[in-house]
Amino acid sequence: MARTNSNGRLQRLDQLAVQLKQHEHCTVKDLALQHEVSERTITRDLALMRDQGLPIDADRGRGGGVRLDRRWGVGRMNLSYPEAVDLLISIEVAEQMKSPMFLANLGSVRRQLIASFSPEKRGRVERMKSRILIGDTASTYVQTSMNAPPRRVVQSVHQAFIDQGTLAITYQREDVETSQREIEPHFLLLNYPVWYVVAIDHLRGAPRTFRCDRILSAKATGNTFHLLPKDAFKASIDGNKLRV
């Protein structure tokens, strides 16, 4: 059987917890084969998980099954950087919308997410809240012409927004013409349900607002920018009445 290091074991423990939660019946033998370790290793893993407080039930007898109590709540989650960024932005939007349906315990979740970022990124994450703008609901005309932006575009925009990095984008105008731009995403503006990037457009050398669903592709350039105050973009966001 293959030997694993500490990181490999941590990953296996997380995978085991998911498997035991999802499946009605798992045996030590099956789990050992799936993870390419010995049955003795799986038995030690299960003992460690019990010591950590996970309610693992086991059937007695040869070939008995093991399972995680389905009443057990949420365990540790390993989020990737893009997933953590997406979740944090969603929390900031929910807080700014001030809907009581979504405010319960968000502060605690937000603090835990921020703590998970590296010290160098934590300051930028803390400043993010003031850079998300909530405007009026989009007009019916705008809503009917809206399409969901590609997931990769959304993640690239989110990461550049937090990292203060410039983006090379392919942008499609209302007349369907496309152009190549390099932009600095200073603010995100939500005119529900339509998102805009309020940015400095290097092609024009001036502030511009880009509809996210018209960004066909987006790629980080590796360059960074310094944040400008909201007043520098006043002309670009005129007509989008902001909530205060």
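The residues of the stretch 217-238 that are within 25 Å of residue 178 (Cα to Cα) and of a type outside the set (D, E, K, R), listed by number, are 217, 218, 220, 221, 222, 223, 224, 225, 233, 235, 236, 237. Candidates 28, 18: the one that is closer than 19 Å to residue 58 by Cα and modelled with pLDDT under 80 is 18. Kindly establish whether residue 170 is under 20 Å from residue 124 (Cβ atoms), surrounded by fewer than 16 Cβ atoms within 10 Å (Cβ to Cβ) and at pLDDT 95 or above. Answer is no for this residue.
For the stretch 200-215, the criterion of being among the aromatic types (Phe, Trp, Tyr), under 17 Å from residue 90 (Cα atoms) and touching a strand residue (DSSP E or B) at 6+ places or on another chain (Cβ under 9 Å) is satisfied by no residue at all.
Looking only at residues of the stretch 190-241 that are within 27 Å of residue 144 (Cα to Cα) and of a type in the set (D, E, K, R), we find that the one that is modelled with the lowest pLDDT is 241.
The values are calculated or read from the model by the stated rules, or taken from the named source; none is laboratory data. Predicted model, so just to flag it, every value in this text is computed and none were measured. We place every Cβ from the backbone using ideal geometry, glycine too, and count neighbours over all the protein chains shown.
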